[in-house]
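First up is the structure itself, then whatever we jot down about it.
No lab work stands behind these numbers, since they all come straight from the coordinates. What you are looking at is a predicted structure, and each value in this text was computed from that prediction instead of being measured. Cβ coordinates were reconstructed from backbone atoms using ideal geometry, including for glycine residues, and neighbour counts include every protein chain displayed.
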Amino acid sequence: MAPLIVDCDTGIDDALALLYLLRDPAVDLRAVTTVFGNVDAATAADNTLRVLELAGRADIPVAVGARSNWRGTVDLAPHVHGADGLGDVGLPAPSATPVAEPAAELIVRTARENPGNLHLLAVGPLTNLATALLLEPELPRLVSHVTIMGGAVHHPGNVTPVAEANIHNDPEAADIVLRAGWDVTLVPLDVTMAEALTESAQRRLVDAGTAISSFAARILDHYLGFYERDVFGVRRAACHDPLAAGIAVGDVALETAPVVDVVVETGEGPARGATIADTRGQYRGYPAREGAHVRVVLRTAGGFADRLVDRLCAPEAAE
Ligand code: BDR
Ligand code: CA
């Protein structure tokens, strides 16, 4: 499989996405870079190192990236992911530390070392990717594909009526990234809200009894609490970052995924952070417009949440 870098703001669903990838021996995860978002960028790196260690992959380098957005502000989400970003379940502190190289520089260097081959999976605000584009304008040619969890196309937003958190956290960066001339797959709320993690998933994780499944069950408990309280009214959680990870590595059948133009609203009004995708071709089978380069996933075949749980329940080597 192509070498992969995950850029994330390690909260609960980022951690589940990382574990999903780490449990597949075919995935060549070269590095993880972190960005502010669910937590600050340093905490995201610390959380990532904890998760890598849990999965026996402390050898994977972790680089800290943007500590704030293009404007220098942050808006963290402890109400969703807990004060520590991982549901406050006390996952042991890591023995490794982040590398000295800043996230955007690590992305550029790895792309130059693997020209035309590197896949980027971004599941946090897009500040690091936008910075990498400024450092290396040839990046779209050096990178084979970018998969992004973000945006809300025909679905309401989750932090404003129209904006999704990763995009809303840094609309200017998101606009730069989505306009750059690389092949992008955008995985918006339209599909991530439709993949449900439920109490029965949590029970399966508890019953499997491995170190990874037990950790996943405990952080899922926190996540289900947020979704019950603030979103669905029942214990059912969305599967944002894991679904994007599954799509990035080709594990998910896409039913509706037109290649269209996408721009991000960067104005000050109520639409700030909205992702405006030109999906007007829906009655004609979405004919691709020349130059369009963002594949927007609007419907998948479903069933991914079960496969995520299967993967997290798989026996671990030492057990
Ligand atoms: C996205 O925002 C973050 O809270 C999640 O980790 C996910 O990447 C969902 O809007
Ligand atoms: Ca995330």
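Which shape class, rounded, prolate or oblate, goes with segment 8-65 when its Cα gyration tensor gives a ≥ b ≥ c as root eigenvalues, a/c under 1.5 marks rounded, and past that a/b bigger than b/c marks prolate? Because a/c hits 1.5 or more and a/b exceeds b/c, segment 8-65 counts as prolate.
The Rg/Rh ratio of the chain, with both radii computed over alpha carbons and Rh defined as the Kirkwood radius, is 0.94.
Identify which of N169, N114, N69 has the largest mean-square fluctuation in a Gaussian network model of the chain, with springs joining Cα atoms closer than 10 Å. For the chain, modelled as a Gaussian network with Cα springs under 10 Å, the answer is N114.
In terms of its C-alpha gyration tensor, segment 36-112 comes out oblate, because a/c is 1.5 or above while a/b does not outweigh b/c.
Counting other Cβ atoms within 10 Å as a rough exposure proxy, the listed residues Y286, Y223 run Y286, Y223 from fewest neighbours to most. Taking the fewest neighbouring Cβ atoms within 10 Å as the starting point, the ordered list for M149, M1 is M1, M149.
Beta bridges assigned by DSSP with both partners in the chain are antiparallel in approximately 30 percent of cases.
Sorting F232, F226, F36 from the fewest to the most surrounding beta carbons within 10 angstrom yields F232, F226, F36. Report note on the peptides 271-284, 187-200: ranked by the mean count of other C-beta atoms within 10 Å, highest first, their order is 187-200, 271-284.
Peptides 253-263, 2-12 ranked from most to least packed by the mean count of surrounding Cβ atoms within 10 Å: 2-12, 253-263. Highest mobility in the GNM of the chain, judged by mean-square fluctuation with C-alpha springs under 10 Å and restricted to P137, P98, P125, is found for P137.
Among D183, D14, D241, the largest mean-square fluctuation in a Gaussian network model of the chain, built with springs joining Cα atoms closer than 10 Å, belongs to D183. Calculated from the alpha-carbon coordinates, segment 77-160 shows an Rg and a Dmax of 16.3, 44 Å respectively. In the chain, the calculated helix contribution to ellipticity at 222 nm averages -10500 deg cm²/dmol per residue, counting -39,500 (n - 2.57) for every DSSP H run with n ≥ 4.
Shown here are the Rg and Dmax of the Cα trace of segment 28-176, at 15.4, 44 Å. Determine the shape class of segment 216-257: with a ≥ b ≥ c the square roots of the Cα gyration tensor eigenvalues, call it rounded for a/c under 1.5, and otherwise prolate if a/b is greater than b/c, oblate otherwise. Oblate is the answer for segment 216-257, as a/c is 1.5 or above yet b/c matches or exceeds a/b.
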